[in-house]
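Beneath this line is the structure, given in structure tokens, with notes to follow.
The values are calculated or read from the model by the stated rules, or taken from the named source; none is laboratory data. Because the structure is predicted, anything quoted here is derived from the model rather than measured. Using ideal geometry, Cβ is built from the backbone for each residue, glycine included, and neighbour counts are taken over all protein chains shown.
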Amino acid sequence: MSSDTSIEGGTPVLELNGLSKSFGGLHAVRGVTLKIMPGDRKAIIGPNGAGKTTLFNLITGIFPSSSGQVLLFGRDVTTWQSHQRTALGMARTFQITSLFPKLTVLDNVLLAIQGLRPSKFVMWRFMSSYRDVYDKAHQLLEQAAFLDRKDTEVRYLSHGEQRQLEIVLGLASDPKVLLLDEPAAGLSSGESVEMAHFLMRLDPKLAILLIEHDMDVVFDVAREISVLHFGEVLETGTPDQIKKSQKVQEIYLGTG
Ligand SMILES: Nc1ncnc2c1ncn2[C@@H]1O[C@H](COP(=O)(O)OP(=O)(O)O)[C@@H](O)[C@H]1O
Ligand SMILES: [Mg+2]
């Protein structure tokens, strides 16, 4: 994996510098600083109301930040809109489902590939035949271990599989960094385990920032975890360090 890292020449895929957001007098996110390198698997955890979704919205460009910076591949994208960040290599999934339930898994992926941003779409039209688009869909499904269900109509997939497929669609734009806001929300514990396994199988070169309430998913997927509390990063460490952290136990379990 160290050879993959050298491709990017040491430039972080994503960097947050003192990122903050206030809603009136409420400081929802306060001075968050974070660096994500190619292939990193990081997570931000925190109790409800900690500011996780707000932080996600700042990174993806849904909300303007009050202060601080967002850098993507070393470029300051703090004032860029969401679709511009996507075009540069950032992908996210949406809470509102983007799946077509009566189409097959394969057709959903084909549509995601063809429905890309204008610049990419033009490129595809110019240089690719249907065969290329099909091959690309095949490759995405293979990588995500979904090939066995390619001809299944999406409505017959389980809820957990549908949530995984949404992530596969997010990969159609060839992102270098994938942002996930609570991918295990609303899943049963069994489905959460499957989601974690699904995420662990994704391309090791892809950087993932996971924003999650479910600790089990985070401990499986992330190699580094930051704990957000009242909008601030309280602690950063390996899953083992975070598991043992007194502060984290106090926040989550109300002990101590
Ligand atoms: N659009 C908004 N306007 C005003 N306050 C908001 C808005 N979005 C979130 N908040 C507030 O910011 C704080 C953090 O919320 P949120 O980011 O949703 O936390 P989390 O995702 O960790 O549960 C909460 O106090 C919430 O009420
Ligand atoms: Mg949230």
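From the list G170, G231, G186, which one is out of contact with any Asp or Glu (no Cβ under 6 Å at 6 or more places or on another chain), within 16 Å of ligand 2 (Cβ to nearest atom) and either under 22 Å from G39 (Cα atoms) or modelled with pLDDT of 95 or more (or both)?
Of the residues listed, the single one that is out of contact with any Asp or Glu (no Cβ under 6 Å at 6 or more places or on another chain), within 16 Å of ligand 2 (Cβ to nearest atom) and either under 22 Å from G39 (Cα atoms) or modelled with pLDDT of 95 or more (or both) is G231.
How about region 73-84: which of its residues are more than 14 Å from F56 (Cα to Cα) and at pLDDT 95 or above?
Answer for region 73-84, where residues must be more than 14 Å from F56 (Cα to Cα) and at pLDDT 95 or above: F73, G74, R75, D76, V77, T79, W80.
Given the conditions (1) buried (at least 22 other Cβ atoms within 10 Å of the Cβ); (2) within 16 Å of ligand 2 (Cβ to nearest atom); (3) over 12 Å from the mean Cα position of the chain (by Cα); (4) in the same structural domain as P12 (by TED's automatic domain parsing), which single one is not true for M195?
Every listed condition holds for M195 apart from (2).
Quick one: which of F73, F100, F23 is more than 17 Å from V233 (Cβ to Cβ), more than 16 Å from ligand 2 (Cβ to nearest atom), surrounded by fewer than 17 Cβ atoms within 10 Å (Cβ to Cβ) and among the aromatic types (F, W, Y)?
F100
Any residue at all in region 210-227 that is over 27 Å from V13 (Cβ atoms) and in a helix (DSSP H, G or I)?
Checking region 210-227: not a single residue is over 27 Å from V13 (Cβ atoms) and in a helix (DSSP H, G or I).
What tally of residues in region 155-191 results from selecting those that are outside any helix (DSSP H, G or I) and more than 16 Å from ligand 1 (Cβ to nearest atom)?
Matching residues across region 155-191 total 9.
Do we have G68 as modelled with pLDDT of 85 or more and within 16 Å of ligand 1 (Cβ to nearest atom) here?
Answer is yes for this residue.
Taking strands (runs of 3 or more DSSP E) that fall entirely within region 30-115, which contain at least 1 residues that are free of Cβ contacts under 8 Å to residues at least 60 places away in the same chain, of a type outside the set (F, W, Y) and in the same structural domain as L179 (by TED's automatic domain parsing)?
Filter on region 30-115 gives 67-72.
Only one of these conditions is not met by I45: (1) more than 16 Å from ligand 2 (Cβ to nearest atom); (2) of a type in the set (V, I, T); (3) in contact with a helix residue (DSSP H, G or I) (Cβ under 6 Å, 6 or more places away or on another chain). Which number is it?
Result: I45 fails condition (1) only.
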